[in-house]
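Asker: Got a structure for you, written out below as structure tokens; questions coming shortly.
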Amino acid sequence: MTVTANGPLPSRSYDVTVVGAGVVGCAIARELARRPSLRVAVVEAQDDVGQGTSKANTAILHTGFDAVPGSLEARLVREGSRQLAGYAAESGIPVERVGALLVAWDEEQLAALPHLAEKAVRNEYGDAHLIEPPELYAREPHLGPGALGALHVPGESIVCPWTTTLAYATQAVRQGVDLHLNSPVEQVGRRDGTHVLTTARGTLRTRWLVNAAGLHADTLDRHLGHDDFTVTPRRGQLIVFDKLARDLLHHILLPVPTALGKGVLVAPTVYGNLLLGPTAEDLHDKRATGSTAEGLAQLREKGARILPALLDEEITAVYAGLRAATDQDDYRITAHPEQAYVTVGGIRSTGLTASLAIAAHVTALLADTGLDLGPAVDLAPVGMPNLGEAYPRPYQRAELIAADPEYGTLVCHCERVTRGEIRDALASTVPPRSLDGLRRRTRARAGRCQGFYCGAAVRELFEEARTGT
Amino acid sequence: MDGAAEVRGESRIRPPREVDVLIVGAGPAGLATAARLAVAGVARVEVLDREQHAGGVPRHCHHGGFGTWTHPLTGPAYARLLLTAAVRAGAVVRTGITALDWAGPLALNTVGAQGPETIRAGAVVLATGARERPRAARLVPGTRPNGVYTTGELQQAVHLHGQRVGTRVVVVGAEDVSYAAADTARTAGAQVVAMVTELDRPQTTTARAHNARLRHRVPLLTDTTLTELLGHGRLSGIRVRHRDGRTAQLDCDTVVFTGDFVPDHELARRGGVVLDPGARGPAVDGALHTSRPGVFAAGSVLHPVESAATATREGAHVAAGVLELLAGAEWSRPTVPLLVDPPLRWIAPNRVAPGDEHPYVLRTATVLHRPILHVVQDGRLLHHEGLRTAVPNRTLPLTARWNHLVDVGGGPVRVTVARA
């Protein structure tokens, strides 16, 4: 099992290297890990997996009901959604099938609902149906006044994006994939039929190359001589409300897309919070993950209309993520056989949902371009620590505490994270390299106090593990 | 992960354990309550604290200002004194135990290293304290770098764990706790670059403000708002804006958000306890009864926040009510709501019955020069009282001398600031 974060990269050539350890890159690595004859690496610019768009999104497992019918995205979301639901169940990734309501607030939106229902059918999703205001308010009594109707999409679910990415990476690494962190790719050359990647940690050679660089996929693509698409980072700011607000909402409330653009959504999270967002701001700076006063004010204004009582609740966290929007209305997954190279670009907000199907699609493209995949094996199943409120957490499991009292020793009180869970995360296959990484693996420090009570104690445990004291 | 089904049932194997009084929170209020009850002869008084050590916030307040004039103490010494008093009197103080949720009218589900346990009591006292609002809850825009603290986290990092903080610190706030945070930062070897407050003056004693400005040369930026955090990875600076529109960037690697306390009311809310809309803690009358029969509340969960001494006094006071209840007194008694009008923010206690003797504490949102407070019910003036100049984030006291005049059949009692 190899995860490296510093020192020079191995000199021996890989068969396939995936650039980018987001949810898509890790899913591809996991799929390739099923082929033991391949030597596979993932190189990641940051110090952890899932550090780009994969960590800061709306955490929804889509049905694909509103994709562009006939598009590659529509197919991969449809397939990936089913695959991920099954994978989550066997891997301990929290998923809650809460269903979505697309709420119409004006006549234009109301008129759009039947078209969306038809579109869902064309996307092979038959369960979407229109509901009238009485049923809507019966389902969501705290909904703001003035809603004219809704489209109910029962299959839409919420999921833990961090655990998903980490599960893929864990399985891939356990099966022999090398994960190299802190290795931003600076240049790509080609010598004697081999790609030579110049990274901050030296060079890495690989016969095949997969570009899953997310926001930076267009830059990497240009290094290889292509000018097929441009990634425009689209910033989404989100507000996470206190868990005490959770009972205000039962479904995901999605906006109805109209000519005036998309509105914001209000959704539960698997951790038991409510999420309000995102904004949609097209930017140029791929590091602009800051929130803004205007963005937050705009979200609160829209939230006040959708779920007025929400605004009285405390805010637990604010974050902003960048989605990889392109000038095209579909994924940009392209094989370049002459270069032994596959571009996986333009994976927008549906990347989490489609990740497993994208991985299978990309693997098939690699085979088409001449890569001999060799025989396939089944991966050993992975059991991820549960971060979701719908499933028992360690502090709720008497038998676990009886076997190991560390699971009854709470460190982070707001999120009820135990010493046992923190210890396990620090000793896991893909361990955290920062307190933020530890938070994404355990929820420690993710609660309403943001470290007022536990921050120093959690840091102490983290530092102890790092220095081995 | 194992399936969900097998697990849930097991946690109820042990039968509920009975105590006379269960106190949640071993800070000054909880420990003082326990000591007083145990001294009065209540046999089974139990205090739970989710932290590994009892004492509450004073545990990590390594400055003076605790204890009394004649016997001044640091926070940790004060916490030890209260713990010793409670334990010597015969109360059981259990740390590392979290009260998770209600298991009945006066029963709580708990968990600790020994596993889950349900505890049933004759009375429950919520003394769960308060915390500072962190950066996100204040909606401060910008990136999410490392180096962002509250005072609570900073004090624990420095005083309990000996951790390093940054080298250049900005303290957001200029009230007592803010100056304590600045002291802690200096103890840790950091330079306090500036203190920032949106108000036009510091909200502490003149001596303390002068000491920080002149002796420690910490500039205080008044009328100034923190508008953005900067930096990827580690904090690199903050942007501020003065009320007059001027903006500036301060280079720093650490920022401490101080004050802006909010009650830790999760257990109260999960128990359906009515909250006061102003203080956001449980609404209580002068006997510190909440809306849930048999459940009392005391300390900073009621009024975020007063001094440890106030919390301790309140512990003794709530114990008297608990003793009456245990002796068979009726729980329900007629009360009317006690409300404040802006610019007052909140008052506690916030329900009133004739005969309540417990003094009130208030907060104002704006500076009030020698205000006169009017206490009014249904247009009838019950009381008026002149005060010294009142400043936000500092205690405003109000006596309870007037409440024998309250008509419990009448409307809410309001406290207003009389126009000069």
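Asker: If neighbour count is taken as other Cβ atoms inside 10 Å, put B:M195, A:M1, A:M384 in order from fewest to most. Don't skip to the answer; put the middle values down first.
Answerer: Numbers: B:M195 27, A:M1 12, A:M384 21.
Starting with the residue having the fewest Cβ neighbours, the order is A:M1, A:M384, B:M195.
Asker: Would you mind giving the mean number of other chain beta-carbons within 10 Å of the Cβ of each residue in B:258-269, as a whole number? Please report the intermediate quantities before stating the final value.
Answerer: Working: counts 0, 0, 0, 1, 4, 0, 6, 2, 6, 0, 0, 2.
Across the residues of B:258-269, the mean count of other-chain Cβ atoms within 10 Å is 2.
Asker: Hey, can you grab everything whose amide H is under 5 Å from the amide H of A:A325? Only 5+ residues off in sequence or another chain; H modelled, so Pro and N-termini drop out.
Answerer: When sequence neighbours closer than 5 places are left aside, the close amide H contacts are A:T232, A:R234.
Asker: How large is the direction-averaged shadow of the alpha-carbon convex hull of segment A:50-182, in nm²?
Answerer: On the way: hull surface 40.6 nm².
The number I arrive at for segment A:50-182 is 10.2 nm².
Asker: Treating the beta-carbon of each Lys and Arg as +1 and of each Asp and Glu as -1, no other charges, what is the dipole magnitude of segment B:134-259 about its Cα centre, to the nearest 20 debye?
Answerer: Once rounded to the nearest 20, the dipole reads 220 debye.
Asker: Relative contact order for chain A: what is it in percent, counting Cα pairs under 8 Å that are at least 6 residues apart? Mind dumping the intermediate values first?
Answerer: On the way: 1061 pairs, mean separation 102.1, N = 469.
Reported relative contact order: 22 percent.
Asker: Quick one: B:T118, A:T203, A:T343, fewest Cβ neighbours within 10 Å first, how do they rank?
Answerer: On the way: B:T118 18, A:T203 13, A:T343 27.
By the 10 Å Cβ count, ascending, the order reads A:T203, B:T118, A:T343.
Asker: Now for a separate question. Using alpha carbon coordinates only, what is the Rg to Rh ratio of segment A:394-467, with Rh defined as the Kirkwood radius?
Answerer: On the way: Rg = 11.6 Å, Rh = 12.1 Å.
Ratio value, two decimals: 0.95.
Asker: Antiparallel DSSP bridges in the protein assembly as shown: what percent, to the nearest 5?
Answerer: Working: 103 of 162 bridges.
Rounded to the nearest five, the antiparallel share is 65 percent.
Asker: Pick out the long, greasy-scoring helices in chain B: whole DSSP H runs spanning 24 Å or more along their own axis by Cα, mean Kyte-Doolittle at least 0.0.
Answerer: Working: long enough: B:308-326 (27 Å, 0.72).
Those that clear 24 Å and a mean of 0.0 are B:308-326.
Asker: Next question. So what is the diffusion coefficient of segment B:201-266 in µm² per second by Stokes-Einstein at 37 °C and 0.692 mPa s, using a Kirkwood Rh over Cα pairs?
Answerer: Numbers: Rh = 14.1 Å.
D, rounded to a whole number, is 232 µm²/s.
Asker: Ok, one more. When the scattering of segment A:209-265 is computed by the Debye formula from its Cα atoms alone, each counted once and equally, what is log10 I(q)/I(0) at q = 0.24 Å⁻¹?
Answerer: -0.98
Asker: At 25 °C and 0.890 mPa s, what whole-number value in µm²/s does Stokes-Einstein give for the translational diffusion of the protein assembly as shown, with Rh from the Kirkwood sum over Cα pairs?
Answerer: Working: Rh = 29.4 Å.
The diffusion coefficient I find is 83 µm²/s.
Asker: In peptide B:96-104, how many Cβ atoms from other protein chains are near each Cβ within 10 Å, on average?
Answerer: On the way: counts 4, 2, 6, 0, 4, 0, 0, 0, 0.
So the per-residue partner count for this stretch is 2.
Asker: May I ask which residue of A:V266, A:Q396, A:T58 lies farthest towards the positive end of the charge dipole of chain A, with charges of +1 (Lys, Arg) and -1 (Asp, Glu) on Cβ and the Cα centre as origin?
Answerer: A:Q396
Asker: Can you sort A:T418, B:T68 so the residue with the fewest Cβ neighbours within 10 Å comes first? Spell out each step's value before the answer.
Answerer: On the way: A:T418 26, B:T68 8.
With the fewest neighbours first, A:T418, B:T68 line up as B:T68, A:T418.
Asker: Please report the relative contact order for segment B:134-259, taking Cα pairs under 8 Å with a sequence separation of at least 6, and give it as a percent rounded to a whole number. Don't skip to the end; give the middle numbers.
Answerer: Numbers: 268 pairs, mean separation 43.8, N = 126.
It rounds to 35 percent for segment B:134-259.
Asker: If contacts are Cα pairs under 8 angstrom and at least 6 residues apart, what is the relative contact order of segment A:394-467 in percent? The partial results should precede the final answer.
Answerer: Values: 92 pairs, mean separation 19.7, N = 74.
Computed value for segment A:394-467: 27 percent relative contact order.
Asker: Next question. Looking only at other chains, what is the average number of their beta-carbon atoms within 10 angstrom of each beta-carbon in A:454-463? Spell out each step's value before the answer.
Answerer: Details: counts 5, 10, 14, 7, 1, 5, 6, 0, 0, 3.
Per-residue shielding by partner chains comes out at 5.
Asker: Starting from the Kirkwood radius over alpha-carbon pairs of segment A:313-469, derive D by Stokes-Einstein at 4 °C in a medium of 1.567 mPa s and give it in µm² s⁻¹.
Answerer: Numbers: Rh = 19.2 Å.
Answer, rounded: 68 µm²/s.
Asker: For chain B, with a Gaussian network of springs between Cα atoms less than 10 Å apart, report the residue from B:V125, B:V408, B:V262 with the top mean-square fluctuation.
Answerer: Highest fluctuation among the options: B:V408.
Asker: With the dipole of chain A worked out from charges on the C-beta (+1 for Lys and Arg, -1 for Asp and Glu) around the Cα centre, which of A:A112, A:F452, A:Y87 lies farthest toward the positive end?
Answerer: A:F452
Asker: 222 nm [θ] for the protein assembly as shown, helices only, -39500 (n - 2.57) per DSSP H run of 4+, per residue, to 500? Intermediate results must be reported in sequence, preceding the final value.
Answerer: Details: 20 runs with 219 residues, N = 889.
Value at 222 nm, helices only: -7500 deg cm²/dmol.
Asker: Work out which GluC sites (Glu not before Pro) in chain B are exposed loop sites (DSSP not H, G, I, E or B, at most 13 other Cβ within 10 Å) and give the longest gap free of them.
Answerer: Numbers: sites that count: B:E330, B:E357.
For GluC sites (Glu not before Pro) (loop position, at most 13 other Cβ atoms within 10 Å), the longest site-free span of chain B is B:1-329.
Asker: Of the options B:P359, B:H369, B:T416, report the single residue whose Cα projects farthest towards the positive end of the charge dipole of segment B:334-420 (beta-carbon charges: Lys, Arg +1; Asp, Glu -1).
Answerer: B:H369
Asker: Mind listing the long-range amide H neighbours of B:L73? Cut-off is under 5 Å, sequence gap 5 or more, other chains count too, H placed in the peptide plane at 1.01 Å from N.
Answerer: Hits under the 5 Å cutoff: B:G65, B:F66, B:G67, B:T68.
Asker: If the cut-off is a Cα-Cα distance under 29 Å, which lysines reach A:K55, setting aside same-chain residues fewer than 8 apart in sequence?
Answerer: Candidates past the 8-residue exclusion: A:K243, A:K262, A:K286, A:K302.
All of the numbers you see were taken from the coordinates with simple rules; none came from a lab. Small disclaimer: the values here were computed from a predicted structure and weren't measured. Every residue, glycine as well, gets a Cβ built from its backbone with ideal geometry; the counts of neighbours run over all protein chains shown.
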